[in-house]
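Here's the structure we're looking at; comments come further down.
The values are calculated or read from the model by the stated rules, or taken from the named source; none is laboratory data. Nothing here was measured: the structure is a model prediction, and the numbers come from that model. As a convention, Cβ positions derive from the backbone with ideal geometry for all residues, glycine included, and neighbour counts pool all protein chains shown. Please note that ligands, DNA and RNA were not included when accessible areas were found on the heavy atoms of the full protein model with its side chains. Shrake-Rupley method; radii C 1.70, N 1.55, O 1.52, S 1.80 Å.
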Amino acid sequence: MSEFRVTSISKIHAEFSVPGDKSMSHRAAILGGLSNGTCTIHNFLPSEDCLNTLNAMKALGAEYEVIEELAGYGPTHLRIHGQSMQLKAPAKPIDCGNSGTGMRLLAGLLTGQTFTSELFGDASLSSRPMGRITIPLAQMGADIETLGEKPGCAPLRIHPATLSPITYEMPVASAQVKSAVLLAGMFAKGTTTVIQPAITRDHTERMLASFRVNTVQTGNSISIIGGQVPQACDFTVPGDISSAAFWLVAAAALPGARLTLRNVGLNPTRTAIITALNRMGARIIETPHQATGEPIGDIEVHGSKLKGTTIFESEIPNLIDEIPVLAVAAALADGTTVIRNAAELRVKETDRITTVVNNLRAMGGNVTEYEDGMEITGGSPLHAAEIDSFGDHRIAMAFAIAGLFASGETVIRNIECVNTSYPGFAHHLDAIRREKTMPSDFMLPTTRPS
Ligand code: S3P
């Protein structure tokens with residue numbers, strides 16, 4: 001399949017689960033591979049991004065066995081054999097595909113090793129800024145060459161180095177930068193501290209705790225003492241709230257809709273999309289389950305006519321990946337929605353300010369573009385258009401949702417990219433489009449290796 005064809009729907013009455021969380025799956029592969037034994041990971045996300053990280057850990061010595069697979073994609077349940085922090089030199093350059101998280105976290109991990117390694121990615125990743133990690137890592141003593149055509153960009157060649165701990169005040173609110181420095185700090189002698197300008201997703205800190213690696217958090221700063229070996233454990237990855245967000249918006253914006261998403265990650269550093277949609281007039285109820293480590297629960301959505309809102313600056317890091325689909329919600333809402341302080345969007349898989357603004361305009365949306373965001377005046381009907389994802393998974397999926405509310409048939413081209421974060425999206429979209437109601441209609445087929 002190379003395109004989505006979407007027409008409008010009049011009903012959603014559904015209950016299903018979305019695949020595992022992308023951020024947590026990267027981290028589970030990395031910490032599992034560093035641990036001192038065998039770890040079972042349940043509900044791993046078999047997306048291209050996370051499979052690249054899992055295979056990077058394999059290339060560094062941490063073999064894994066598949067227990068169960070999402071048919072046609074890759075492991076959802078696996079056992080990974082940790083190397084007690086003793087990684088081996090990879091035989092060839094490591095492919096990070098499209099993933100900024102994979103490359104930045106692996107760079108943090110590889111910087112304090114005794115061997116040379118190389119990380120590369122696709123055209124999009126090769127144009128994204130790596131200075132944000134090479135600068136703090138260099139302060140720790142890292143020796144990283146940026147080999148890209150664009151200055152400061154991938155491929156990265158990482159030479160052996162002995163790291164010293166630092167205290168680093170991050171200029172951007174980035175969980176990837178925080179995590180890269182903390183992972184490097186695990187290989188430095190002494191205490192490495194990262195200070196964030198605003199709260200960012202805290203999956204690294206929580207997962208380190210699950211693996212019994214101590215960190216100390218005071219306000220916005222996190223410290224780690226190097227040399228602690230992660231203790232092998234089993235980890236269950238909750239459903240990805242960033243994938244859930246597509247259906248949250250579809251149901252929230254459709255009066256009378258009723259949707260339940262089961263077992264979604266409800267980490268408070270990730271749930272601002274729910275807060276924002278509720279402010280827009282949706283009724284979204286979180287029902288947390290008993291859990292340690294990462295909060296998890298069900299989300300129930302009751303749709304209604306939405307109204308515009310202003311996204312607070314403090315919410316931006318919390319819902320940064322959901323902004324494309326939030327912009328679609330804004331175009332469907334009465335009144336004006338303001339999204340500012342979000343210049344980070346320009347250095348994601350695409351420049352997501354430009355791609356969202358242009359695609360919304362193509363569908364009849366009324367949007368003003370700013371250097372750091374956009375203002376959307378919604379309420380006038382959207383119409384079908386031919387939409388390009390520009391190779392960006394979140395753009396492809398956000399505009400598939402827009403197509404569910406537009407007159408005519410919307411065609412979204414260049415959709416293979418959805419596999420970087422949401423294998424099975426096409427199946428769920430098809431079930432929603434056909435107004436299916438049974439949980440079995442949404443089930444993604446799994447297989448077990450014989
Ligand atoms: C991620 C952090 C975010 C987010 C990305 C995943 C992570 O990036 O956009 O999709 O897993 O740490 P930044 O932290 O760089 O904003």
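Which of the following residues is of a type in the set (D, E, K, R), in contact with a helix residue (DSSP H, G or I) (Cβ under 8 Å, 6 or more places away or on another chain) and touching a residue at least 24 places away in the same chain (Cβ under 8 Å): 340, 279?
340
Take the residues in the stretch 119-134 that are out of contact with any helix residue (DSSP H, G or I) (no Cβ under 9 Å at 6 or more places or on another chain) and of a type outside the set (Ser, Thr, Tyr), then tell me which one is nearest to residue 192 (Cα to Cα).
131
Out of all the residues in the stretch 60-75, which are aliphatic (A, V, I, L, M), surrounded by fewer than 19 Cβ atoms within 10 Å (Cβ to Cβ) and not in a loop (DSSP other than H, G, I, E, B)? Show your work before the answer.
At the first step, the residues of the stretch 60-75 found to be aliphatic (A, V, I, L, M) are 60, 62, 66-67, 70-71.
From the residues that got through so far, the ones that are surrounded by fewer than 19 Cβ atoms within 10 Å (Cβ to Cβ) too are 66-67, 71.
Within the stretch 60-75, 66, 67 qualify.
Report the residue count in the stretch 296-339 for those that are among the charged types (D, E, K, R) and within 16 Å of the ligand (Cβ to nearest atom).
4
Within the stretch 52-74, identify whether any single residue is in the same structural domain as residue 100 (by TED's automatic domain parsing), closer than 21 Å to residue 262 by Cα and more than 22 Å from the chain's Cα centre (by Cα), and answer yes or no.
So far as the stretch 52-74 goes, yes, one or more of its residues are in the same structural domain as residue 100 (by TED's automatic domain parsing), closer than 21 Å to residue 262 by Cα and more than 22 Å from the chain's Cα centre (by Cα).
Anything in the stretch 99-129 that is out of contact with any strand residue (DSSP E or B) (no Cβ under 8 Å at 6 or more places or on another chain) and among the acidic types (Asp, Glu)? List them, or say none.
122
Hey, any hits in the stretch 194-209 for a residue that's in a strand (DSSP E or B), within 17 Å of the chain's Cα centre (by Cα) and either within 30 Å of residue 68 (Cβ to Cβ) or not assigned by TED's automatic domain parsing to the domain that holds residue 320 (or both)?
no
For the stretch 242-264, how many residues are within 19 Å of the chain's Cα centre (by Cα) and either under 22 Å from residue 395 (Cα atoms) or among the aliphatic types (A, V, I, L, M) (or both)? Working first, answer last.
Step one: list which residues in the stretch 242-264 are within 19 Å of the chain's Cα centre (by Cα), which gives 242-249, 261-264.
If we keep only those that are either under 22 Å from residue 395 (Cα atoms) or among the aliphatic types (A, V, I, L, M) (or both) too, we end up with 242-249, 261, 264.
Looking only at that region, the number is 10.
Among 78, 87, which is away from the ligand (no atom under 16 Å from the Cβ), open to solvent by 10 Å² or more (accessible area, probe 1.4 Å) and either aliphatic (A, V, I, L, M) or in a loop (DSSP other than H, G, I, E, B) (or both)?
Being away from the ligand (no atom under 16 Å from the Cβ), open to solvent by 10 Å² or more (accessible area, probe 1.4 Å) and either aliphatic (A, V, I, L, M) or in a loop (DSSP other than H, G, I, E, B) (or both) holds for just one of 78, 87, which is 87.
Within the stretch 143-184, take every residue that is of a type in the set (D, E, K, R) and more than 16 Å from the ligand (Cβ to nearest atom) and give me the one that is farthest from residue 122 (Cα to Cα). Steps first, please.
Going residue by residue through the stretch 143-184, those that are of a type in the set (D, E, K, R) are 143, 145, 149-150, 157, 169, 178.
Applying the additional criterion that residues be more than 16 Å from the ligand (Cβ to nearest atom) yields 143, 145, 149-150, 157.
Details: 143: 23, 145: 18, 149: 13, 150: 13, 157: 16 Å.
Going through the qualifying residues, I end up with 143.
Does residue 274 qualify as being buried (at least 24 other Cβ atoms within 10 Å of the Cβ) and under 17 Å from the mean Cα position of the chain (by Cα)?
Criteria met by residue 274.
Which residues, taken from the stretch 213-241, are touching a Ser or Thr at 6+ places or on another chain (Cβ under 7 Å) and either closer than 17 Å to residue 50 by Cβ or open to solvent by less than 10 Å² (accessible area, probe 1.4 Å) (or both)?
222, 224, 230, 235, 237, 239, 241
Tell me which strands (runs of 3 or more DSSP E) are completely within the stretch 108-180 and hold 3 or more residues being hydroxyl-bearing (Ser, Thr, Tyr) and open to solvent by 20 Å² or more (accessible area, probe 1.4 Å), or say none if there are none.
Values: elements: 117-120, 143-146, 156-159, 167-169.
Filter on the stretch 108-180 gives an empty set.
Condition test on residue 195, is it in contact with a Leu (Cβ under 7 Å, 6 or more places away or on another chain), over 20 Å from residue 291 (Cβ atoms) and either open to solvent by 10 Å² or more (accessible area, probe 1.4 Å) or within 16 Å of the ligand (Cβ to nearest atom) (or both)? Show your work before the answer.
On the way: in contact with a Leu (Cβ under 7 Å, 6 or more places away or on another chain): no; over 20 Å from residue 291 (Cβ atoms): yes; either open to solvent by 10 Å² or more (accessible area, probe 1.4 Å) or within 16 Å of the ligand (Cβ to nearest atom) (or both): yes.
So residue 195 does not fit the description; no.
Residues that are small (Gly, Ala, Ser) and over 17 Å from the mean Cα position of the chain (by Cα), at least 1 per element: which helices (runs of 4 or more DSSP H) completely within the stretch 309-422 meet that?
Of the helices (runs of 4 or more DSSP H) lying wholly inside the stretch 309-422, those with at least 1 residues that are small (Gly, Ala, Ser) and over 17 Å from the mean Cα position of the chain (by Cα) span 323-332, 352-362, 393-403.
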